[in-house]
Structures are given as structure tokens and as C-alpha cells.
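Remarks on the structure that follows.
The values are calculated or read from the model by the stated rules, or taken from the named source; none is laboratory data. These numbers were taken from a predicted model, which means no experiment stands behind them. All Cβ positions, even for glycine, are placed from backbone atoms using ideal geometry, and neighbour counts span all protein chains on display. Remember, those area values only see protein heavy atoms, side chains included, never the ligands or the DNA or RNA. Shrake-Rupley method; radii C 1.70, N 1.55, O 1.52, S 1.80 Å.
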Amino acid sequence: MSQSRSAEDSTSAVSEELQGRIPRHVAVIMDGNGRWAKQRHLPRTAGHQAGVTAVRKTVEHCAQCGVEVLTLFAFSSENWRRPAEEVSVLMRLFQLTLERESRRLHEHGIRLRVIGDRAAFSPDLRRRIDESERLTRDNRKMTLIIAANYGGRWDIVQAAQRLARQVECGELSGDAIDESRLAAQLSFADLPDPDLFIRTGGELRISNFLVWQLAYTELFFSDVLWPDFDETELNRALVEYARRERRFGHTSEQLRHRSRAVSST
Ligand code: IPE
Ligand code: IPE
Ligand code: MG
């Protein structure tokens, strides 16, 4: 049975439990590659290599389920602290994966965007990112965001700097800065905030991912190491999400009252 066929079957098996409550935006910290490799007495980089298959499965399954935006954390602004050899393998793997997978993404109708500070990447990698974004920019089935050299605090700082420049040149008054003005300067300005956050690998932290945008996101932590992450574990997260009540500060009673009012109109 082909991979996409089995993904289709597992989707229909859970679709009843999902009751149409599919998150518009799913954001994932793909963690556990190093430990996956260590368990097999392999170098850490073998874990990163194996993680690419899980990326492909996750992208295709999310697109099939009707997720609109999928954000994957590939390299944090703190990951430069790793051994130089590991960093260089990660950069090469990123470039190679873009080269190999962009056409496939395009054929699946997926738009690719990369967020993060690109200045530290090699000119070759920057060119490759530009080409992949250009090739896929009109696709509408799903948006795939790769967060690379991304840090949530970096994002807020660069947004603050842009606002400060507007104030300096008299375009904006300091008092006019509010949540929506600041959010408009973030890397995700034109996208909905994540509805569902998934972190694999068993760690219970945010690690400087989308610190602003996760304010009201539903959190799901999985013990599965990223290279082993598959449709079954993703479905577990989706089903858990569908069961949650998102109150955004309201009470349960208010939400029930409101949904009764909507269904009677
Ligand atoms: C996540 O896996 C991949 C990146 C951070 C690039 P790790 O490499 O952090 O794997 P563990 O956490 O050491 O197992
Ligand atoms: C977070 O994982 C970054 C990515 C998955 C890209 P880390 O493995 O770097 O996180 P910490 O350092 O354990 O918090
Ligand atoms: Mg890790």
C-alpha cells in the first residue's frame, strides 16, 4: 500500500472523532533526532537525516486533513551553540532537502515560506530558499513554514525595531502602538496564530519558538522522538485538539450559550 493511501485510510478512521474541528494552523517543534540516533549507536546527524521522512509524512498528512498552515521549527537561533560539525550537517541537509523536495511540494499545491534571520546563511542556501519560495508562491492547498535560524524573542525585537523606526520618522506615535500594530510587524503577520502546538521528544518547553503567537494555542507534548513521528501520532494530537474547549477568557457557559445562538440562526 502506498504511503499516501495509508495516510488517507488513517484520516478517514479518525475523521469521526475530529468532528470537523481541524486546526487551521499547526506548529511543531521537531525534537528528539539526537536521542533517536543515540539509541541506535549512530551519530546524531543520522537522526537529523532520518527526521526528513517524518517531515514529509507530516506535511502530506496535514495537507490531506485540511490544515491551512503548518509551521515546522527546523533550527533555532540558539542551535548555533551546537558543535560546528553538527551545525554544518544541518545546514547542508536543509539545502539538500529544499533541492529534493521543492518540486514535490509544488506538485502537492503547497506554498513554502521560510521565516527567521537569513543573514547568517550561506549565499547558496539563501538562493535556494528564494527559488523554492518563488516556485511555490501561488500554491493554495497549504502553507508550509520552515522556521530556520528563528527565535521568538528575535522576532519580537525585530518587530520593535521596525516600530521604533516608524516613530523616529514621525509616521507613528508611541501611544498608538498596541497588540495589533506589534503583531503586524512579526514574521507571521499575515497568518492566523497557531491553534495547535506539538512538541515531540518528551521535553516540556517552548525553547524560544513562537513566544508571542502561542499565547492562546493548545499545547500537545509527545514522547515520540521526531524520526518516529507518523500519521498515528499526529492523529492523536488532532483528536486531542478536537476534544479541547478553547475559552479565550470566557466561561464554558458563555461558549455554550453562544453556540446555541449561532445554531438557532
Ligand atoms: C531536533 O532534534 C533537531 C534540531 C534541533 C535541529 P535534537 O537534535 O534536538 O535531538 P535531541 O533533543 O538531542 O534528541
Ligand atoms: C528546539 O529544540 C529547536 C528545534 C527543534 C529546531 P532544541 O533541542 O534545540 O531545544 P532545547 O535546547 O532542548 O530546549
Ligand atoms: Mg533537542
(request) Report the Stokes-Einstein translational diffusion coefficient (µm² s⁻¹, integer) for the range 58-123, Rh taken as the Kirkwood radius over Cα pairs, at 37 °C with viscosity 0.692 mPa s. (result) 240 µm²/s
(message) List the GluC sites (Glu not before Pro) within the range 66-127 that DSSP assigns to loop and that have no more than 16 neighbouring Cβ atoms inside 10 Å.
(response) Glu78
(message) I'd like the GluC sites (Glu not before Pro) in the range 130-177 restricted to DSSP loop residues with at most 13 other Cβ atoms within 10 Å, sorted by number.
(response) Glu171
(message) Cβ neighbours within 10 Å, averaged per peptide: list 180-186, 250-256, 139-145 in order, most packed at the top.
(response) 139-145, 180-186, 250-256
(request) With θ set to phi - 60°, apply the Karplus curve 6.51 cos²θ - 1.76 cosθ + 1.60 along the range 52-68 and write out the HN-Hα couplings as whole Hz, x wherever there is a Gly or Pro. (result) 5, 5, 5, 4, 4, 4, 5, 4, 5, 5, 5, 4, 5, 6, x, 5, 8
(message) Taking loop as defined by DSSP and a crowding limit of 15 other beta carbons within 10 Å, which chymotrypsin sites (Phe, Trp or Tyr not before Pro) in the range 149-229 fit?
(response) Tyr216
(message) Report the Cα centroid-to-centroid distance between the range 123-141 and the range 62-110 in angstrom, as an integer.
(response) 12 Å
(request) Enumerate the calculated ³J(HN,Hα) couplings along the range 85-92 in order (Karplus 6.51 cos²θ - 1.76 cosθ + 1.60, θ = phi - 60°), each rounded to whole Hz, writing x wherever the residue is Gly or Pro. (result) 5, 5, 4, 5, 5, 4, 5, 5
(message) Let me test this: with uniform point scatterers at the alpha carbons of the range 35-83, what is the Debye-based log₁₀ I(q)/I(0) at q = 0.27 1/Å?
(response) -1.02
(message) How far apart, in nanometres, would the label points at Asn208 and Arg244 be if each is projected 7 angstrom from Cα along the Cα-to-Cβ direction?
(response) 2.5 nm
(request) For the range 3-264, calculate the relative contact order in percent as a whole number, restricting contacts to Cα pairs under 8 Å that are 6 or more residues apart. (result) 28 percent
(message) Stokes-Einstein diffusion coefficient for the range 155-265 at 20 °C in a medium of 1.002 mPa s, Rh from the Kirkwood formula over Cα pairs: what value in µm²/s?
(response) 124 µm²/s
(request) Towards the positive end of the charge dipole of the range 119-217, with charges on Cβ (+1 Lys, Arg; -1 Asp, Glu), say which of Thr136, Ile156, Ala184 has the farthest Cα. (result) Thr136
(request) With unit charges on the beta carbon (Lys/Arg positive, Asp/Glu negative), name the residue among Leu70, Ile29, Phe94 whose Cα is farthest towards the positive pole of the charge dipole of the chain. (result) Phe94
(request) Measure off, as a whole percent, the carbon and sulfur share of the 1.4 Å-probe accessible area of the range 3-264, all protein chains present. (result) 48 percent
(request) Give the whole-number value, in cubic angstrom per residue, of the convex hull volume spanned by the C-alpha atoms of the chain. (result) 170 Å³
(request) Report the local net charge at Gly202: Lys and Arg +1, Asp and Glu -1, summed over other residues whose C-beta lies under 10 Å from its C-beta. (result) -1
(request) Calculate one ³J(HN,Hα) per residue across the range 213-224 by plugging θ = phi - 60° into the Karplus curve 6.51 cos²θ - 1.76 cosθ + 1.60, and present them in order as whole Hz with x for glycine and proline. (result) 6, 8, 3, 10, 7, 7, 9, 9, 10, 10, 7, 5
(request) Calculate, for the chain, the solvent-accessible area per residue in square angstrom, rolling a 1.4 angstrom probe over the heavy atoms of the protein chains. (result) 53 Å²
